[in-house]
Amino acid sequence: MTSDLTTPGPDELAALEQLAVAVATEAGQLVLDRPSDLGVAATKSSDTDIVTVMDQRAQDLIRTRLGAARPADGFQGEEAGGSTGDGSGITWVVDPIDGTVNYLYGIPAYAVSVAAVVGDPTVPGAWRPVAGAVVGPALGETYRARVGGGAFRRRGDGPETPIVPTGCTDLGHALIGTGFGYEAAQRRWAAEVLLHVIPQVRDIRRIGSAALDLCHVADGALDGYYERGLNPWDLAAGWLVLTEAGGTFIDVPTGDLTWAATAGIAAELERLVTGAIERVPPVRPRSAPGPG
Ligand code: LIP
(Lines give C-alpha, C1' and ligand atoms only; values in the text may rest on other atoms or scores of the structure.)
Protein backbone atom coordinates (compact mmCIF):
# COMPACT_ATOMS: atom_id res chain seq x y z
CA MET A 1 0.00 0.00 0.00
CA THR A 2 1.18 3.53 -0.72
CA SER A 3 2.56 6.01 1.82
CA ASP A 4 1.18 8.92 -0.25
CA LEU A 5 -1.17 11.05 1.90
CA THR A 6 -2.21 13.37 -0.92
CA THR A 7 -5.90 14.29 -0.74
CA PRO A 8 -7.80 13.57 -3.97
CA GLY A 9 -9.38 16.46 -5.85
CA PRO A 10 -12.90 17.72 -5.04
CA ASP A 11 -14.65 15.75 -7.77
CA GLU A 12 -13.03 12.47 -6.71
CA LEU A 13 -13.75 13.20 -3.05
CA ALA A 14 -17.43 13.75 -3.83
CA ALA A 15 -17.55 10.53 -5.85
CA LEU A 16 -15.80 8.57 -3.05
CA GLU A 17 -18.28 9.89 -0.47
CA GLN A 18 -21.26 9.08 -2.68
CA LEU A 19 -19.94 5.54 -3.25
CA ALA A 20 -19.33 5.05 0.49
CA VAL A 21 -22.92 6.08 1.27
CA ALA A 22 -24.33 3.84 -1.48
CA VAL A 23 -22.49 0.64 -0.50
CA ALA A 24 -22.91 1.21 3.25
CA THR A 25 -26.63 1.76 2.71
CA GLU A 26 -26.98 -1.40 0.61
CA ALA A 27 -25.02 -3.46 3.14
CA GLY A 28 -27.13 -1.95 5.93
CA GLN A 29 -30.28 -3.18 4.23
CA LEU A 30 -28.73 -6.62 3.89
CA VAL A 31 -27.87 -6.98 7.59
CA LEU A 32 -31.17 -5.42 8.69
CA ASP A 33 -32.82 -8.62 7.47
CA ARG A 34 -31.36 -10.42 10.50
CA PRO A 35 -31.80 -14.21 10.33
CA SER A 36 -33.94 -15.51 13.21
CA ASP A 37 -31.41 -18.31 13.73
CA LEU A 38 -28.39 -15.97 13.71
CA GLY A 39 -25.49 -17.49 15.61
CA VAL A 40 -21.75 -17.24 16.00
CA ALA A 41 -20.00 -18.41 12.85
CA ALA A 42 -16.45 -17.93 14.17
CA THR A 43 -14.36 -16.14 16.80
CA LYS A 44 -11.17 -14.07 16.41
CA SER A 45 -9.02 -12.48 19.15
CA SER A 46 -10.97 -14.21 21.92
CA ASP A 47 -14.02 -16.45 22.30
CA THR A 48 -16.17 -13.34 22.74
CA ASP A 49 -14.79 -11.60 19.61
CA ILE A 50 -17.40 -13.04 17.29
CA VAL A 51 -18.23 -13.14 13.61
CA THR A 52 -21.67 -13.90 12.22
CA VAL A 53 -22.48 -15.01 8.71
CA MET A 54 -23.93 -11.55 8.15
CA ASP A 55 -20.59 -9.88 8.90
CA GLN A 56 -18.98 -11.85 6.10
CA ARG A 57 -21.93 -11.52 3.71
CA ALA A 58 -22.00 -7.74 4.23
CA GLN A 59 -18.25 -7.46 3.69
CA ASP A 60 -18.46 -9.61 0.55
CA LEU A 61 -21.23 -7.35 -0.81
CA ILE A 62 -19.30 -4.17 -0.03
CA ARG A 63 -16.11 -5.52 -1.56
CA THR A 64 -17.92 -6.62 -4.71
CA ARG A 65 -19.57 -3.22 -5.17
CA LEU A 66 -16.35 -1.27 -4.48
CA GLY A 67 -14.31 -3.56 -6.75
CA ALA A 68 -16.77 -3.07 -9.60
CA ALA A 69 -16.75 0.71 -9.19
CA ARG A 70 -13.05 1.21 -8.46
CA PRO A 71 -11.04 -1.92 -9.33
CA ALA A 72 -7.62 -0.29 -8.70
CA ASP A 73 -8.37 0.57 -5.06
CA GLY A 74 -7.07 -1.39 -2.09
CA PHE A 75 -9.36 -3.04 0.46
CA GLN A 76 -8.96 -3.71 4.18
CA GLY A 77 -11.97 -5.18 5.94
CA GLU A 78 -12.47 -6.43 9.48
CA GLU A 79 -13.21 -9.91 8.22
CA ALA A 80 -10.69 -12.03 6.32
CA GLY A 81 -9.44 -10.97 2.91
CA GLY A 82 -7.73 -7.72 2.03
CA SER A 83 -5.84 -6.38 -0.97
CA THR A 84 -3.25 -3.70 -1.58
CA GLY A 85 -4.90 -2.45 -4.76
CA ASP A 86 -3.29 -1.42 -8.03
CA GLY A 87 -1.87 2.05 -7.41
CA SER A 88 -4.99 4.22 -7.20
CA GLY A 89 -3.78 5.73 -3.91
CA ILE A 90 -7.10 4.85 -2.24
CA THR A 91 -7.77 1.96 0.15
CA TRP A 92 -11.25 1.16 1.45
CA VAL A 93 -11.28 0.41 5.19
CA VAL A 94 -14.51 -1.37 6.07
CA ASP A 95 -16.27 -2.70 9.14
CA PRO A 96 -19.27 -4.55 7.75
CA ILE A 97 -20.98 -4.67 11.14
CA ASP A 98 -19.44 -2.49 13.84
CA GLY A 99 -21.11 -3.52 17.06
CA THR A 100 -21.32 -7.19 16.13
CA VAL A 101 -22.22 -8.29 19.66
CA ASN A 102 -25.13 -5.82 19.68
CA TYR A 103 -26.19 -7.25 16.32
CA LEU A 104 -26.04 -10.82 17.65
CA TYR A 105 -28.25 -9.88 20.63
CA GLY A 106 -30.71 -7.84 18.55
CA ILE A 107 -29.63 -4.53 20.09
CA PRO A 108 -30.02 -1.82 17.38
CA ALA A 109 -26.71 -0.01 18.13
CA TYR A 110 -24.66 -1.38 15.23
CA ALA A 111 -23.43 0.20 12.02
CA VAL A 112 -21.83 -0.41 8.63
CA SER A 113 -18.66 1.69 8.40
CA VAL A 114 -17.08 2.38 4.99
CA ALA A 115 -14.14 4.76 4.54
CA ALA A 116 -11.83 5.67 1.66
CA VAL A 117 -8.37 6.37 3.07
CA VAL A 118 -4.99 7.54 1.73
CA GLY A 119 -1.71 6.13 2.99
CA ASP A 120 -1.24 2.67 4.48
CA PRO A 121 -3.93 1.64 6.99
CA THR A 122 -1.87 -1.36 8.07
CA VAL A 123 0.72 1.02 9.57
CA PRO A 124 -0.49 2.98 12.65
CA GLY A 125 -0.21 6.72 12.04
CA ALA A 126 0.52 6.31 8.31
CA TRP A 127 -2.97 6.90 6.91
CA ARG A 128 -6.06 9.10 7.13
CA PRO A 129 -9.62 8.97 5.86
CA VAL A 130 -10.71 11.26 3.01
CA ALA A 131 -14.34 10.18 2.53
CA GLY A 132 -16.70 7.88 4.36
CA ALA A 133 -20.10 6.84 5.62
CA VAL A 134 -21.50 5.24 8.77
CA VAL A 135 -24.95 3.69 8.41
CA GLY A 136 -26.92 2.47 11.41
CA PRO A 137 -29.70 0.57 9.62
CA ALA A 138 -31.71 -0.39 12.73
CA LEU A 139 -31.45 3.20 13.98
CA GLY A 140 -32.31 4.65 10.55
CA GLU A 141 -29.22 6.86 10.68
CA THR A 142 -26.80 7.69 7.88
CA TYR A 143 -23.70 9.80 8.50
CA ARG A 144 -21.43 10.99 5.70
CA ALA A 145 -18.33 13.18 5.34
CA ARG A 146 -15.52 14.02 2.94
CA VAL A 147 -12.45 16.20 3.47
CA GLY A 148 -13.52 19.83 3.36
CA GLY A 149 -17.16 18.92 2.81
CA GLY A 150 -18.54 19.01 6.35
CA ALA A 151 -20.42 16.20 8.12
CA PHE A 152 -24.10 15.32 7.68
CA ARG A 153 -26.70 13.00 9.19
CA ARG A 154 -29.95 11.74 7.79
CA ARG A 155 -32.56 10.10 10.06
CA GLY A 156 -35.09 7.87 8.33
CA ASP A 157 -36.72 9.68 5.41
CA GLY A 158 -36.08 13.03 7.01
CA PRO A 159 -33.92 15.81 5.62
CA GLU A 160 -30.15 15.55 5.71
CA THR A 161 -28.76 18.01 8.26
CA PRO A 162 -25.25 19.28 9.03
CA ILE A 163 -24.01 18.08 12.42
CA VAL A 164 -21.83 19.73 15.05
CA PRO A 165 -20.57 18.62 18.49
CA THR A 166 -21.95 20.08 21.73
CA GLY A 167 -20.64 23.31 23.22
CA CYS A 168 -19.65 21.54 26.46
CA THR A 169 -16.71 23.21 28.21
CA ASP A 170 -16.93 21.55 31.63
CA LEU A 171 -15.72 17.95 31.87
CA GLY A 172 -17.77 17.50 35.04
CA HIS A 173 -20.89 17.93 32.89
CA ALA A 174 -19.67 15.82 29.96
CA LEU A 175 -21.32 12.58 28.79
CA ILE A 176 -18.47 10.28 27.78
CA GLY A 177 -18.60 7.10 25.68
CA THR A 178 -16.13 4.26 26.00
CA GLY A 179 -15.61 0.54 25.36
CA PHE A 180 -13.75 -2.37 26.87
CA GLY A 181 -12.60 -4.72 24.12
CA TYR A 182 -12.78 -8.48 23.82
CA GLU A 183 -9.89 -9.73 25.91
CA ALA A 184 -10.39 -10.22 29.66
CA ALA A 185 -7.09 -8.55 30.62
CA GLN A 186 -7.96 -5.60 28.36
CA ARG A 187 -11.45 -5.31 29.90
CA ARG A 188 -10.03 -5.38 33.42
CA TRP A 189 -7.53 -2.65 32.51
CA ALA A 190 -10.26 -0.53 30.90
CA ALA A 191 -12.50 -0.96 33.94
CA GLU A 192 -9.72 0.17 36.27
CA VAL A 193 -9.08 3.24 34.09
CA LEU A 194 -12.83 3.91 34.16
CA LEU A 195 -12.80 3.95 37.98
CA HIS A 196 -10.65 7.11 37.76
CA VAL A 197 -12.69 8.68 34.95
CA ILE A 198 -16.31 8.16 35.95
CA PRO A 199 -16.30 10.36 39.12
CA GLN A 200 -14.92 13.28 37.06
CA VAL A 201 -17.61 13.37 34.32
CA ARG A 202 -21.43 13.60 34.08
CA ASP A 203 -21.79 9.92 33.19
CA ILE A 204 -20.54 7.15 30.93
CA ARG A 205 -22.24 5.43 27.99
CA ARG A 206 -20.99 2.10 26.62
CA ILE A 207 -22.82 1.94 23.28
CA GLY A 208 -20.82 -0.97 21.83
CA SER A 209 -19.98 0.52 18.42
CA ALA A 210 -16.97 2.79 18.02
CA ALA A 211 -18.27 4.04 14.67
CA LEU A 212 -21.52 5.19 16.32
CA ASP A 213 -19.65 6.56 19.35
CA LEU A 214 -17.56 8.79 17.09
CA CYS A 215 -20.61 9.90 15.10
CA HIS A 216 -22.43 10.65 18.36
CA VAL A 217 -19.62 12.97 19.46
CA ALA A 218 -19.93 14.56 16.00
CA ASP A 219 -23.69 15.17 16.34
CA GLY A 220 -23.77 16.05 20.03
CA ALA A 221 -25.26 12.85 21.46
CA LEU A 222 -21.99 12.49 23.39
CA ASP A 223 -19.50 15.12 24.54
CA GLY A 224 -16.51 12.79 24.28
CA TYR A 225 -15.33 9.23 23.81
CA TYR A 226 -12.22 7.19 24.48
CA GLU A 227 -11.26 3.57 23.95
CA ARG A 228 -8.15 1.48 23.69
CA GLY A 229 -7.57 -1.32 21.19
CA LEU A 230 -9.66 -0.15 18.26
CA ASN A 231 -8.80 -1.29 14.75
CA PRO A 232 -8.70 0.95 11.65
CA TRP A 233 -12.05 -0.39 10.43
CA ASP A 234 -13.77 0.53 13.73
CA LEU A 235 -12.78 4.19 13.51
CA ALA A 236 -11.88 5.18 9.93
CA ALA A 237 -15.23 6.64 8.83
CA GLY A 238 -16.29 7.94 12.26
CA TRP A 239 -12.98 9.77 12.56
CA LEU A 240 -13.74 11.81 9.43
CA VAL A 241 -17.39 12.44 10.37
CA LEU A 242 -16.15 13.80 13.70
CA THR A 243 -13.39 16.07 12.37
CA GLU A 244 -15.54 17.37 9.52
CA ALA A 245 -18.21 18.21 12.12
CA GLY A 246 -15.61 20.27 13.97
CA GLY A 247 -14.74 17.76 16.71
CA THR A 248 -11.30 16.80 17.98
CA PHE A 249 -9.96 13.31 17.17
CA ILE A 250 -6.78 11.89 18.64
CA ASP A 251 -5.51 8.43 17.72
CA VAL A 252 -2.34 7.58 19.61
CA PRO A 253 -0.87 4.73 17.56
CA THR A 254 1.92 4.04 20.04
CA GLY A 255 -0.49 3.97 22.95
CA ASP A 256 -3.15 2.14 20.96
CA LEU A 257 -5.58 4.71 22.38
CA THR A 258 -8.32 6.62 20.59
CA TRP A 259 -10.27 9.55 21.89
CA ALA A 260 -12.66 12.09 20.54
CA ALA A 261 -14.32 15.15 22.01
CA THR A 262 -16.02 18.42 21.42
CA ALA A 263 -13.27 21.03 21.36
CA GLY A 264 -14.27 22.60 24.69
CA ILE A 265 -13.28 19.54 26.74
CA ALA A 266 -10.72 17.83 24.47
CA ALA A 267 -7.64 18.90 26.43
CA GLU A 268 -9.29 18.18 29.80
CA LEU A 269 -10.43 14.73 28.64
CA GLU A 270 -6.94 13.93 27.34
CA ARG A 271 -5.43 14.93 30.70
CA LEU A 272 -8.01 12.93 32.66
CA VAL A 273 -7.64 9.74 30.58
CA THR A 274 -3.85 10.00 30.37
CA GLY A 275 -3.66 10.53 34.13
CA ALA A 276 -5.94 7.57 34.77
CA ILE A 277 -3.81 5.34 32.52
CA GLU A 278 -0.66 6.37 34.41
CA ARG A 279 -2.31 5.14 37.63
CA VAL A 280 -3.29 1.70 36.28
CA PRO A 281 -0.80 -1.18 35.74
CA PRO A 282 -0.26 -1.67 32.00
CA VAL A 283 -1.94 -4.52 30.16
CA ARG A 284 0.16 -6.78 27.94
CA PRO A 285 0.39 -5.26 24.45
CA ARG A 286 -2.53 -6.09 22.23
CA SER A 287 -1.67 -8.15 19.14
CA ALA A 288 -1.20 -5.99 16.03
CA PRO A 289 -4.46 -5.32 14.16
CA GLY A 290 -5.09 -7.36 11.09
CA PRO A 291 -7.99 -8.92 9.22
CA GLY A 292 -9.46 -12.20 10.31
C1 LIP B 1 -16.41 -3.14 18.42
C2 LIP B 1 -16.15 -1.68 18.63
C3 LIP B 1 -16.46 -1.30 20.08
C4 LIP B 1 -15.54 -2.07 20.99
C5 LIP B 1 -15.78 -3.54 20.79
C6 LIP B 1 -15.54 -3.96 19.32
P7 LIP B 1 -16.76 -4.78 16.35
O8 LIP B 1 -16.13 -3.46 17.06
O9 LIP B 1 -16.95 -0.92 17.76
O10 LIP B 1 -16.26 0.08 20.31
O11 LIP B 1 -15.77 -1.72 22.33
O12 LIP B 1 -14.88 -4.23 21.63
O13 LIP B 1 -14.19 -3.76 19.00
O14 LIP B 1 -15.91 -5.93 16.82
O15 LIP B 1 -18.17 -4.94 16.79
O16 LIP B 1 -16.63 -4.53 14.88
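A few points about this structure:
- Whole-percent carbon and sulfur share, accessible surface of region 1-86, 1.4 Å: 51 percent
- Panel note: the C-alpha atoms of region 112-154, placed on their principal axes, show extents of 33, 22, 12 Å (largest first).
- Residues of the chain: accessible area per residue with a 1.4 Å probe, Å²: 41 Å²
- Taking only the Cα atoms of region 171-278, the ratio Rg/Rh comes out at 0.92, with Rh defined as the Kirkwood radius.
- Within the assembled protein chains, the solvent-accessible surface assigned to residue 88 is about 50 Å², based on a 1.4 Å probe.
- Just so you know, the Cα atoms of the chain work out to an Rg and Dmax of 17.7, 51 Å.
- Considering only 10, 105, 59, and ranking their Cα positions along the charge dipole of region 10-162 that arises from unit charges at the beta-carbon of Lys, Arg, Asp and Glu, the one farthest toward the positive end is 10.
- Per-residue SASA entry for residue 187, accessible area with 1.4 Å probe, Å² rounded to 10: 90 Å²
- Restricting the calculation to Cα atoms, every distinct pair contributes to the Kirkwood radius of region 9-84, found to be 13.9 Å.
- The simple spin-label model puts a point 7 Å past each Cα toward its Cβ; for residue 38 and residue 173 those points are separated by 3.8 nm.
- Calculated translational diffusion coefficient of region 10-162 (25 °C, 0.890 mPa s; Stokes-Einstein with Kirkwood radius over alpha-carbon pairs) equals 156 µm²/s.
- Protein accessible area in region 171-278, 1.4 Å probe - carbon and sulfur %: 52 percent
The values are calculated or read from the model by the stated rules, or taken from the named source; none is laboratory data. Bear in mind the structure is a predicted one, so any value in this text is a computation, not a measurement. Because the Cβ atoms are built from the backbone with ideal geometry, glycine has one as well, and the counts that use them run over all protein chains shown. Protein only, heavy atoms only, side chains kept; ligands, DNA and RNA dropped before computing areas. Shrake-Rupley method; radii C 1.70, N 1.55, O 1.52, S 1.80 Å.
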